[in-house]
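Report on the structure given below.
The values are calculated or read from the model by the stated rules, or taken from the named source; none is laboratory data. These numbers were taken from a predicted model, which means no experiment stands behind them. Don't worry about glycine lacking a Cβ; one is built from the backbone with ideal geometry, like all the others, and counts go over all protein chains shown. Side chains included, ligands, DNA and RNA excluded: accessible areas come from the protein's heavy atoms. Shrake-Rupley method; radii C 1.70, N 1.55, O 1.52, S 1.80 Å.
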Amino acid sequence: MVVKDGMNAFERFVKRLFDLFCSFFGLVVLSPVFLVVYIRLRIQNDGSVIFSQERIGYKGKSFHIYKFRTMRMDSESSGKPQLAAKGDERLTKVGRFLREHHLDELPQLWNVFVGDMSFVGPRPERQYYIDQIMERNSDYKYLYLIRPGLTSLATIYNGYTDTIEKMLTRLQMDLDYLQKRSLFYDLKIIVTTVLYIIKGKKF
């Protein structure tokens, strides 16, 4: 199976400009929210406020994704990666609220600004899980053609990927997006994501 990018060079250029401008705008406008979340997490006093983790993105290169910390510091004390799930007992009280309202994702605006990520694209994964996915479906390599994103149809409709089977389903949706994507398609996904958040729908 050969998967081709549905966007041409001009559309990719416009998409990057959109990401650059909107992420900068978001960082400025939402700075009061960043401050409130920072203070609340500091009051909770459960380790570092910002969570950083290595992920694999565009062209197969690694980068560090940033989030507000939602889990205890010892959430992977065994040293082995562990997938998060709905109702995960490792979530802190504040962290659960942040996840439910997707506020933990806000620091990723910086990832978008510097070019590690885009607003729309496949969710970036850890190498540990990519290796397992590749054993079942080597087409994952095609996702390296594009920047990973904050949201996607797979993120909205496939929910938490707490099993390898769900990751494989997500992969098929991401490959479909890659082939069909356009500026209008991206806008549609962004609007759908915003409406879901406003309406309080879980994903």
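The combined condition, being open to solvent by 10 Å² or more (accessible area, probe 1.4 Å), of a type in the set (Ser, Thr, Tyr), in contact with a Ser or Thr (Cβ under 6 Å, 6 or more places away or on another chain) and not in a loop (DSSP other than H, G, I, E, B), is not fulfilled by residue 169. Take the stretch 71-127 and flag every residue that is open to solvent by 40 Å² or more (accessible area, probe 1.4 Å), acidic (Asp, Glu) and modelled with pLDDT of 85 or more. Result: 100, 105, 116. Restricted to the stretch 1-42, and to residues there that are without any contact (Cβ under 8 Å) to a residue 40 or more places away in the chain and β-branched (Val, Ile, Thr), the residue that is surrounded by the fewest Cβ atoms within 10 Å (Cβ to Cβ) is 2. When the stretch 181-203 is filtered for residues that are modelled with pLDDT under 95 and among the charged types (D, E, K, R), the ones remaining, listed by number, are 199, 201, 202.
Exactly one residue out of 131, 176, 162, 186 is among the acidic types (Asp, Glu), over 28 Å from residue 24 (Cα atoms) and touching a residue at least 40 places away in the same chain (Cβ under 8 Å), and it is 162.
The one condition from (1) more than 30 Å from residue 32 (Cβ to Cβ); (2) open to solvent by 20 Å² or more (accessible area, probe 1.4 Å); (3) at pLDDT 90 or above that residue 130 does not meet is (2). Of all positions in the stretch 120-133, at least one carries a residue that is more than 18 Å from residue 16 (Cα to Cα) and hydroxyl-bearing (Ser, Thr, Tyr).
Does residue 50 count as modelled with pLDDT under 95 and either aliphatic (A, V, I, L, M) or surrounded by 15 or more Cβ atoms within 10 Å (Cβ to Cβ) (or both)? Answer is yes for this residue.
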